[in-house]
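A short write-up of the structure that comes next.
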Amino acid sequence: MRILIYGWGQLAASVVRDLAGKDTEITVLGKERSQLERLSSNPGVTAVLLAEPVMQDYLLEAGVSHTDAFLALSDDDHENLLLAQVARQMFNVPHVICHVESPQLQILYTTLGLNVVGYSRGIVQDIRQVIDA
């Protein structure tokens, strides 16, 4: 399975630890070099450093057109929602998961058909359940 993750914080690190090394290729897009280096030390994980605001060029460079799942896991709800929509609508990624903290945005985007996850104790399991579906 090929997974593309936008995000470089603790949530992304937890997901990478859970998914890495299980016949899974993971590419992580992020803005923090040190965090990306740490994430890419996991087996089967590569990193793409973003030098500018996220554009579809970075998604293409990271292989979005050949990915099985896109996970928008940054700490910015609006970036996550935008990129999740791009992955789903423009690149037809089969499994798109979007992390959103705002309860109002969670409801709105869930009704629009996105798989939305918020902070919970079982967030990594929630993500795995969507990917494995």
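Structure above, values below:
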| read-out | value |
| --- | --- |
| Of residues in the stretch 28-62 being closer than 19 Å to L81 by Cα and not hydrophobic (A, V, I, L, M, F, W, C), the one modelled with the highest pLDDT | G30 |
| Test result for S65, under 13 Å from the mean Cα position of the chain (by Cα), of a type in the set (G, A, S) and not in a strand (DSSP E or B) | no |
| Hits in the stretch 23-44 (condition: under 19 Å from H95 (Cβ atoms) and either free of Cβ contacts under 8 Å to residues at least 12 places away in the same chain or open to solvent by less than 10 Å² (accessible area, probe 1.4 Å) (or both)) | I26, V28, L29 |
| Of all residues making up the stretch 87-129, the number that are assigned to a helix (DSSP H, G or I), open to solvent by 30 Å² or more (accessible area, probe 1.4 Å) and over 16 Å from S14 (Cα atoms) | 11 |
| Number of the exception - M90 against (1) closer than 18 Å to E61 by Cα; (2) within 15 Å of the chain's Cα centre (by Cα) | (2) |
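The values are calculated or read from the model by the stated rules, or taken from the named source; none is laboratory data. Since the model is a prediction, treat every value here as computed from it, not as a measurement. Neighbour counts run over all protein chains shown; Cβ positions are idealised from the backbone, glycine included. Ligands, DNA and RNA are stripped out before the accessible areas are found, and what is left, the full protein with its side chains, is counted by its heavy atoms. Shrake-Rupley method; radii C 1.70, N 1.55, O 1.52, S 1.80 Å.
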